[in-house]
Amino acid sequence: MLRRIAIFASGRGSNAAKILEYFEGDSEVDVALIVSNKNNAKVLDLAFEHKIPSRVLSKKVFYNSDALAKHLKSQKIDLIVLAGFLWLIPPTLIEAFPDKILNIHPALLPKYGGKNMYGINVHKAVRRAKEKRTGITIHLVDEKYDTGKILFKKSLTVKPEWTAEQIAEAVLKLEHKFYPQVIDKLLKEA
Ligand code: GRF
């Protein structure tokens, strides 16, 4: 059975690119839609290059209407994949897609999660705390930041001399390798 994914992203979209690459030619999984909250997000170029429909949303539509949920339903989306999407998901969308919204966080949750824990902030905090290990967490999305059910974690050793940028680079490699695999497993098990 064909499964349809929508990717939500706000930024450069390197995870989105890896997900697209992974499912290219897969007859069972289709990246059917890319949604962004920024009209200059790099991920929109990616959508154009891959001929995938994309939508840019205003905060007003995202939080105060059910237009997005209706659109996703009309497009028969099975799974929403957040890949660097910075807005908190509203309850209406969570109710419309129960246990069908996935996020990746660049640290080992529950540590280093929450509102301002994104991008380099996460890795700076990991470095400041002199953590010996960090990694990725893939989890279901609930009404708060980074607190949904954890589905997958992978860790790596932080070398003491690493800068926050070097930690970010190592973590991103894990994201690129494992996010598509976890999505695949989830879709094909469903
Ligand atoms: C990744 O580090 C991801 O863990 C986080 O946002 C970042 C997105 O990077 N949720 P990219 O846009 O996929 O390159």
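The values are calculated or read from the model by the stated rules, or taken from the named source; none is laboratory data. All of these numbers come straight from a predicted model, not from anything done at the bench. For neighbour counting, all protein chains shown are included, and Cβ atoms are generated from backbone atoms with ideal geometry for every residue, glycine included. Remember, those area values only see protein heavy atoms, side chains included, never the ligands or the DNA or RNA. Shrake-Rupley method; radii C 1.70, N 1.55, O 1.52, S 1.80 Å.
Would you pick out the residues in region 49-68 that are of a type outside the set (D, E) and outside any helix (DSSP H, G or I)? Before the answer, list the steps.
Here is the first cut: in region 49-68, the ones of a type outside the set (D, E) are 50-65, 67-68.
Correct list: H50, K51, I52, P53, S54, R55, V56, L57, S58, S65.
Residue by residue through region 1-13, note down the ones that are more than 20 Å from A69 (Cα to Cα) and within 12 Å of the ligand (Cβ to nearest atom).
G11, R12, G13
Taking the options K115, K76, name whichever one is at pLDDT 95 or above, more than 20 Å from E169 (Cβ to Cβ) and among the basic types (K, R). So that I can check it myself, show each step before the final result.
Working: K115 fails: at pLDDT 95 or above.
Every option except K76 fails the conditions.
For region 115-155, how many residues meet the condition of being in a loop (DSSP other than H, G, I, E, B) and open to solvent by 60 Å² or more (accessible area, probe 1.4 Å)?
Residues of region 115-155 that are in a loop (DSSP other than H, G, I, E, B), as a first pass: 115-119, 129-132, 141-149.
From what is left, the residues that are open to solvent by 60 Å² or more (accessible area, probe 1.4 Å) are 115-116, 118, 130, 132, 143-145, 147, 149.
Matching residues across region 115-155 total 10.
With K159, K153 as the choices, which residue is over 18 Å from S10 (Cα atoms) and either of a type in the set (S, T, N, Q) or in contact (Cβ under 8 Å) with a residue 12 or more places away in the chain (or both)? I'd like the intermediate steps shown before the answer.
Numbers: K159 fails: either of a type in the set (S, T, N, Q) or in contact (Cβ under 8 Å) with a residue 12 or more places away in the chain (or both).
Matching residue, one of K159, K153: K153.
Being outside any helix (DSSP H, G or I), within 13 Å of the ligand (Cβ to nearest atom) and either charged (D, E, K, R) or open to solvent by less than 10 Å² (accessible area, probe 1.4 Å) (or both) is the filter here; which residues of region 14-48 pass it?
If we filter region 14-48 for residues that are outside any helix (DSSP H, G or I), which is where we start, we get 24-41.
Checking the rest, the ones that are also within 13 Å of the ligand (Cβ to nearest atom) come to 34, 36-38, 41.
I34, S36, K38, A41, listed by residue number.
Looking only at region 83-109, count every residue that is open to solvent by less than 20 Å² (accessible area, probe 1.4 Å), away from the ligand (no atom under 11 Å from the Cβ) and touching a helix residue (DSSP H, G or I) at 6+ places or on another chain (Cβ under 6 Å) and tell me the total.
2
Just to be sure I understand, how many residues within region 86-114 are outside any loop (DSSP other than H, G, I, E, B) and in contact with a Leu (Cβ under 6 Å, 6 or more places away or on another chain)? Please lay out each step first, then the result.
Taking region 86-114 and keeping what is outside any loop (DSSP other than H, G, I, E, B), we get 91-96, 101-105.
Now narrow it down to the ones that are in contact with a Leu (Cβ under 6 Å, 6 or more places away or on another chain): 103.
Residues that pass the stated criteria total 1.
Modelled with pLDDT under 95 and outside any loop (DSSP other than H, G, I, E, B), is that true of L187? Quick ask: steps written out before the conclusion?
Details: modelled with pLDDT under 95: yes; outside any loop (DSSP other than H, G, I, E, B): yes.
It is true that L187 is modelled with pLDDT under 95 and outside any loop (DSSP other than H, G, I, E, B).
Do the conditions hold for V158, that is, is it touching a helix residue (DSSP H, G or I) at 6+ places or on another chain (Cβ under 7 Å), open to solvent by less than 60 Å² (accessible area, probe 1.4 Å), away from the ligand (no atom under 15 Å from the Cβ) and closer than 13 Å to P106 by Cβ?
Details: touching a helix residue (DSSP H, G or I) at 6+ places or on another chain (Cβ under 7 Å): yes; open to solvent by less than 60 Å² (accessible area, probe 1.4 Å): yes; away from the ligand (no atom under 15 Å from the Cβ): yes; closer than 13 Å to P106 by Cβ: yes.
For V158, the condition - touching a helix residue (DSSP H, G or I) at 6+ places or on another chain (Cβ under 7 Å), open to solvent by less than 60 Å² (accessible area, probe 1.4 Å), away from the ligand (no atom under 15 Å from the Cβ) and closer than 13 Å to P106 by Cβ - is met.
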